[in-house]
Every structure is written in C-alpha cells, then in structure tokens.
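J.: One structure, as structure tokens, below. Some questions next.
Read-outs: derived from the displayed coordinates by stated rules, not from any lab. This is a predicted model, so every value here is computed, not measured. Quick reminder, even Gly has a Cβ in these numbers, built from the backbone with ideal geometry, and neighbours come from all protein chains shown.
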Amino acid sequence: MRKLANWHQQHSTGIKINLTEKELSFGQFKSLNFAITIDHLSSFQPTIEQAQAYYFEAIKKGNIKLSWLQQLLREPAKITLTLFGRQHDDQKVSTPMATFNQQIARTSDKNRVNVSSDRFSFYWQQNYQEKAVNQEELANYKVSGILITLDTHTNQTLRSLMDDEQQDNFPETIKELYLKLALTIANPIIEVL
Amino acid sequence: MNHTNHRLALGTLFTLLIVYCLINSQKLHATSVIKNKVIDRSLFSIQASEVSGWNHLDVDLNRPKSINRSRTGYQLFLPQVNDKKSLHCPYPRYL
C-alpha cells in the first residue's frame, strides 16, 4: 500500500527479500526474474475525480490543489523494485542502491517479468538525496536485499508538491488516501554474471 | 602370420575403442560438471524464509498487525483503510 498525501512512511506496506546470505554484489547482478499476478478486484487506485471528491474540503481550504491530484494520478501506479546495500535504513550513511519501475500489466493473468541490470538505475543514497552512478562503480558492494513497493508514477506525494512552509506545517488533519495493489509474486530468481 | 596380424589388428581396434570410450565419458563428465557449476553460480532462487515485509498501518491507523507468513511465501491481509463513504460508490477498481 502506498500513501497519496504524506511522505512519512509513505510505503505503508511492502515486500522485503533478504539477500544477505547470497553474498551477491551489485557487480554480479545480471537480472531479476519472477512471475507476477495482480488481483485487480482487491486493488484500488483512485481516479482523479474520486480523489477530488475525497479531498473536497481540503481543496476548498486551499491545502491541496486539484492540479496536484491530476499530476499524481494521471498515469497508473507502478511497482518499484529496489536493490539496497547495507544500512539502507540509516539515511545518515551513504548506501548503494538500484531501482527499476515496473508498469502494472493490464491483465489478471500470470506474467513473467525479466528485468536485466541495464534497465536499473544505480545510485548512492544519503539523506534522501540520490547521486547517479553506473553499475561498475558499485561492483564491489554487497546487495543486502530487494524491496518491492507500490508508487505513484512520479514517486511523489501531495506533500512533495507543497511549498516549503506547507511541507513543514503539513496539517495532520488531511486524510490519507491509500493506493492499494494486491499481488502475488512467484519463483523469483536472480541471475548473476 | 596372417592369423597373428589379424589378432593384433583386432586387439588394437579393441584398445582404441576402450580409449575412445574413456575419453568421451570424461568429456561427458566434464560437460556435466561445467553445466552444474554454471547453474549453481549463475542463478539464485529466493526461499520463502528470505521473504518478509513491513506494515506501518498499525502505527498510522492504530490497527493491529495482520501479517501472515504462509509456508509458500509472504502474504498481507489488510482491511480496506480508505473512507469508502467519501468515495463514489460503487467506485471502479483499478483497471
């Protein structure tokens, strides 16, 4: 599940795969393969109109702009695959990472997904800031695991679109709207060089 | 003489056959080992025990965690958290 309004713990739920025992390095990573099935009946992504109705009062007060909802919801949500290095939970420490955004297939059938390393974006992350690098620069760093999360197509929340003052004074009274994706992932396999 | 040559020739052929079979069986064995090594080293399967998740909703919504880890993998069972009354009902689901 993914929040639309606040960025605090914006990935309300997600899947984490622990790879510490694999001793896999970013340089060895070649591809990630898995089968995915989406249960659309149990999933929910609000339309712009639904979100507008949901935030009617906040829009009227000027806390949220309709254009923000349009910006966040005009494209379907996506699944983000994130390879992370050690200490990824500590934003004070620079951590090697790699991400790929998978479009959600418009079918309820099982789909085989094969994502090669050249489709991932590799970067260092610290204090929520990213510095892009290539895979070779991270070659000797170990991959601690993979996160599978749901995201808006821009990775932003409504709070991301507020000005600095609004962001600091984010009104806790604004209701949260959750994007929800019910999925099953089967037979995940990592191919290495 | 002819008989001796014939037996020698047969013996040589037999020896060559044995050597040929030995060489090829080694090749086959070597190929199997290489193939196995390739499979062992180029693919990592992910076990159910390595899959977990997180749930911030228990903090956000003051609801109890409802994580169930089944034998075949990881599953989350969550209640509908959005305020359905504020949405048009019946609202269209995603896709």
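J.: At 7 Å along the Cα-to-beta-carbon direction for both residue A:172 and residue A:106, put a label point, then send me their distance in nm to one decimal.
T.: About 4.2 nm, to one decimal.
J.: Now for a different question. Please report, in debye to the nearest 20, how large the charge dipole of segment A:1-157 is about its Cα centre when each Lys and Arg carries +1 at its beta carbon and each Asp and Glu carries -1 there.
T.: Computed about the Cα centre, the dipole is about 240 debye.
J.: Which of the three applies to segment A:71-160, rounded, prolate or oblate, going by the alpha-carbon gyration tensor with a ≥ b ≥ c and a/c under 1.5 meaning rounded?
T.: Here segment A:71-160 falls in the oblate category.
J.: For labels at residue A:183 and residue B:7 in the simple 7 Å Cα→Cβ model, what's the distance in nm?
T.: In this crude spin-label approximation the distance works out to 7.8 nm.
J.: Residues with beta-carbon under 11 Å from that of residue A:64, excluding residue A:64: net charge, scoring Lys, Arg +1 and Asp, Glu -1?
T.: +4
J.: Sticking with this structure for a sec: If you average the alpha carbon positions of segment A:99-124 and of segment A:21-44, how far apart do those two centres end up, in angstrom?
T.: Distance between centres, Cα-based: 8 Å.
J.: Moving on to the next point. Going down the list A:3/A:65; A:65/A:175; A:60/A:175; A:3/A:78; A:78/A:131, which pairs span over 20 Å between their C-alpha atoms?
T.: As for pairs spanning more than 20 Å Cα to Cα, those are A:78/A:131.
J.: For residue A:40 and residue A:115, what is the calculated FRET efficiency with R₀ set at 25 Å and r taken between the beta-carbons, to the nearest 0.05?
T.: Using R0 = 25 Å, I get an efficiency of 0.70.
J.: Quick check on segment A:1-99: take the gyration tensor over C-alpha atoms, sort the square-rooted eigenvalues as a ≥ b ≥ c, and tell me if it's rounded (a/c under 1.5), prolate or oblate.
T.: Prolate shape, in that a/c is at least 1.5 and a/b is the bigger ratio.
J.: Right, next: Classify chain A from the C-alpha gyration tensor, please: rounded if a/c falls under 1.5, else prolate or oblate depending on whether a/b exceeds b/c.
T.: Judged from the Cα gyration tensor, chain A comes out oblate (a/c at least 1.5, b/c at or above a/b).
J.: Please give the average number of partner chain Cβ atoms lying within 10 Å of the Cβ of each residue in A:176-185, rounded to a whole number.
T.: 4
J.: How big is the charge dipole of segment A:101-173 about its Cα centre, in debye rounded to the nearest 20, if each Lys and Arg gets +1 on its Cβ and each Asp and Glu gets -1 on its Cβ?
T.: I would put it at about 620 debye.
J.: Given a Förster radius of 45 Å and the C-beta distance between residue A:93 and residue A:52 as r, what FRET efficiency does 1/(1 + (r/R0)^6) yield to the nearest 0.05?
T.: For R0 = 45 Å, the calculated efficiency reads 0.65.
J.: In the Gaussian network model of chain A, springs joining C-alpha atoms below 10 Å, which of A:23, A:136, A:172 carries the largest mean-square fluctuation?
T.: Its mean-square fluctuation being the largest, the pick is A:172.
J.: Using a Gaussian network for chain A with springs between C-alpha atoms less than 10 Å apart, which of these wobbles most: A:149, A:37, A:173?
T.: A:173
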